[in-house]
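The values are calculated or read from the model by the stated rules, or taken from the named source; none is laboratory data. Small disclaimer: the values here were computed from a predicted structure and weren't measured. Heads up, the Cβs are rebuilt from the backbone with ideal geometry, glycines too, and the neighbour counts pull from every protein chain shown. Protein only, heavy atoms only, side chains kept; ligands, DNA and RNA dropped before computing areas. Shrake-Rupley method; radii C 1.70, N 1.55, O 1.52, S 1.80 Å.
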Amino acid sequence: MIDEKIKQQIAGVVRTSQIIVASLVMGVVTFAVVVVFFISGGPALKGNLLTLLAAVFALAAMVLGFVIPQVITAANRRKIAAGTWSSSPNQGPMPDSDASKLALTYPAKMIVGAALFEGGCFFALTVYMIERQPLSLAAAAVLLLCLLAHFPTLGRVEAWIEEQLRRVEDERRFSR
């Protein structure tokens, strides 16, 4: 179970993470509005090669945006279980509990996943701007939805930390 002191730390991590994801979403939405409503009058490039490339990149971003954060989480969880996890200098003093360590781990995995969705979204919107193919706009919309799904809430982050704590304990038990 997570105590009150750690819940306050988690709340700070969640607020910071929410600001980051909201900023990424606003950048994408602003660019999408510009592309769709203000730059749509010019001539489109003939063909759809870039659109197909954007669709492939969108698929890759979706897969990587869900897989790489899990890899980051697993690596940090193994370090916590082994007692070798260390905080970076800008994170302050070494946390005294596994839950605090996981709270400091959360933003890294969240930022990587969200950035993959954001990058793919910007690429798909740029391709839409060039070729005006609805498929690239649809790819951008799907990636934006994935980005929005990454929006952290206090409940989600606490549940994530509790799940990771269970897994840390399992790793400690099975590594003996």
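Can you say whether Leu135 is over 21 Å from the mean Cα position of the chain (by Cα), assigned to a helix (DSSP H, G or I) and closer than 16 Å to Ala60 by Cα, as far as the supplied structure shows?
Values: over 21 Å from the mean Cα position of the chain (by Cα): yes; assigned to a helix (DSSP H, G or I): yes; closer than 16 Å to Ala60 by Cα: yes.
In short, yes.
Among the numbered conditions (1) of a type in the set (Gly, Ala, Ser); (2) assigned to a helix (DSSP H, G or I); (3) open to solvent by 30 Å² or more (accessible area, probe 1.4 Å), the only one that Ala74 does not meet is (3).
Taking the conditions exactly as written (of a type in the set (Phe, Trp, Tyr), without any contact (Cβ under 8 Å) to a residue 60 or more places away in the chain and assigned to a helix (DSSP H, G or I)), does Phe37 satisfy them or not? It is true that Phe37 is of a type in the set (Phe, Trp, Tyr), without any contact (Cβ under 8 Å) to a residue 60 or more places away in the chain and assigned to a helix (DSSP H, G or I).
Quick grid of which residues meet (1) modelled with pLDDT under 95; (2) out of contact with any Pro (no Cβ under 6 Å at 6 or more places or on another chain); (3) open to solvent by less than 40 Å² (accessible area, probe 1.4 Å):
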site	(1), (2), (3)
Leu116	no, yes, no
Gly120	no, yes, yes
Thr126	yes, yes, no
Ile130	yes, yes, no
Leu145	no, yes, no
His150	yes, yes, yes
Trp160	no, yes, yes
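Only one of these is of a type outside the set (A, V, I, L, M) and within 17 Å of the chain's Cα centre (by Cα): Phe151, Phe174. Name it. Before the answer, list the steps.
On the way: Phe174 fails: within 17 Å of the chain's Cα centre (by Cα).
Residue meeting the stated conditions: Phe151.
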